[in-house]
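We did not get these values from a lab; they are worked out from the coordinates using the rules stated. The structure displayed is predicted, hence computed values, not measured ones. As a convention, Cβ positions derive from the backbone with ideal geometry for all residues, glycine included, and neighbour counts pool all protein chains shown.
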DNA sequence: TTGACAGGCAACCATATGGTTGCCTATTGT
DNA sequence: ACAATAGGCAACCATATGGTTGCCTGTCAA
């Protein structure tokens, strides 16, 4: 559950699209997730493995199919443990930045 | 201000550390940001350029020095426009996931 | 004014990454 | 039974990435 794995997983637009699709409809199979993607099934598998390693999705075997579920917990962790830290002082930092730049700009 | 650039910039732990350091103390020069890092100055420059391209930092030349400022806006944008979407249904999705897995598990 | 200091720029290098093709296994439905 | 379907695994390839070294430019201070 390393935070680095989550950030790395989120860095790729294809993987974010996969998360978006699972967010729109959960419990999709690999082949379903391949549709309307001009990639090979194997490429999608690799992305899904990375997402699973980052704990962003969870899978469940169902006969010969493999169902994929979105796991929102690590994203929540990022928002709380890392982004929140920067958001906190957002307005204060912004006005401070503006003031500083104006002052230094003279 | 592409979201992809922000995610890619955040993917590297060195760059996140740089943001952390600017968060701890704003307006640092390149050389200050190089201290206590076993990297060359040029490597740090590359990281800072990537952060600046993603609009995560803003710079200001001051004589022969270049000051770096943290810009929290894009992180806020991510939190609001992307992470929020997943956080919203967090608890609902979690319980739903648990139920589904229990049901399917039989 | 000139040496030291802060930083920029470019070439280069090793490895990581995202994709492919080819083939194998397991489950399903007729 | 067996063809079709769902997916796994491994080798391979091109490019992206993160780092280095070497050298150049601009600013400051003695």
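Remarks
- The condition (being within 15 Å of DNA strand D (Cβ to nearest atom) and within 14 Å of chain A (Cβ to nearest Cβ)) is satisfied by just one residue among B:11, B:27: B:11.
- Residue match in region A:33-54 (condition: in a helix (DSSP H, G or I) and more than 14 Å from DNA strand C (Cβ to nearest atom)): no
- Among the residues of region B:63-82, those identified as over 22 Å from residue B:44 (Cα atoms), over 11 Å from the mean Cα position of the chain (by Cα) and surrounded by fewer than 18 Cβ atoms within 10 Å (Cβ to Cβ) are B:77, B:80, B:81.
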